[in-house]
Every structure is written in C-alpha cells, then in structure tokens.
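The values are calculated or read from the model by the stated rules, or taken from the named source; none is laboratory data. What you see is a predicted model; the values in this text were computed from it and never measured. Every residue, glycine among them, receives a Cβ derived from its backbone with ideal geometry; neighbour counts consider all protein chains shown.
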Amino acid sequence: MTQPADLEARVAALEERVRELDERLRHAEQDAAAARVLAGGADRDVAELRAEIREFREQNTRILNAMREDLAGLRRRFDALEARFGAIEARVDNGFAEMRGKFDATAAGLRQITSLLSTLIAQGGGQPRGR
C-alpha cells in the first residue's frame with residue numbers, strides 16, 4: 001500500500017489542481033459571457049449596417065430615377081429646339097435664295113439701264129439737248 005504521507009501529498013496536489021481548474025473555469029465562463037455581449041453588439045451593428053445600406057440603395061435608386069426623368073425632359077426639349085432650329089434654318093435659306101434672285105434681277109436691270117444710257121450717250125454725244 002501507499003504510505004499515508006505520500007497519499008496526503010497526492011491529495012494536496014489534486015486539491016491544488018482542482019482549485020486551478022476551478023479558477024480557469026470561472027475565467028472561461030467570464031470570457032464566454034463577455035463574448036456573448038460582444039456578439040450581441042456585433043449582431044446589432046450588422047443589423048444597423050444592413051439597414052443603412054438598404055436605405056442608401058433606395059435613395060440611390062430614387063436619385064437615379066430623378067436624373068433619368070430630368071435627362072428625358074432635357075432630351076425632349078433639345079429635340080423640340082432642334083426642330084425649331086431646322087425650321088428657322090430652312091426659312092433663312094429660302095430668304096437668302098429669294099434675296100439672291102432679287103439681287104440678280106436688280107443687277108440685270110442695272111446692266112440694261114447702263115446699256116441704254118451708254119447707247120443714248122453714244123447717239124447724242126453725251127450732250128444734253130436744249131443748250
């Protein structure tokens with residue numbers, strides 16, 4: 001059998017080991033409680049972040065839709081201005097063509113008057129009658 005002194009030493013060692021394990025268990029329980037608190041906070045943070053991202057996406061969609069509507073309106077206005085400009089351009093071209101015709105007619109008339117005056121001067125010697 002084992003000696004009683006040896007038994008006492010072994011029991012004392014076991015008791016010390018049990019105290020150490022008990023202390024480690026308490027620390028582990030405290031760490032687990034702290035981890036649960038942190039995990040709960042992380043869950044709340046993630047939920048808040050998801051809500052913020054969802055809100056950002058919804059607002060971004062609203063902004064993009066508003067921009068799309070603005071661009072469509074601007075495009076309609078630009079198309080209308082382009083049509084008006086085309087009509088004005090056609091009127092200006094027609095006006096220039098009309099004026100060109102009138103200038104050509106005036107030039108032809110001036111050539112005819114010049115020709116008649118040249119003929120009269122050649123026939124009359126360029127002197128007025130009655131002097």
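From the list Gly73, Gly40, exactly one residue is at pLDDT 95 or above and part of a helix (DSSP H, G or I). Which is it?
Gly73
Could you please let me know if Ala9 is loosely packed, with under 10 Cβ neighbours inside 10 Å, part of a helix (DSSP H, G or I) and either in contact with a His (Cβ under 6 Å, 6 or more places away or on another chain) or of a type in the set (A, V, I, L, M) (or both)?
Against the criterion (loosely packed, with under 10 Cβ neighbours inside 10 Å, part of a helix (DSSP H, G or I) and either in contact with a His (Cβ under 6 Å, 6 or more places away or on another chain) or of a type in the set (A, V, I, L, M) (or both)), Ala9 does not qualify.
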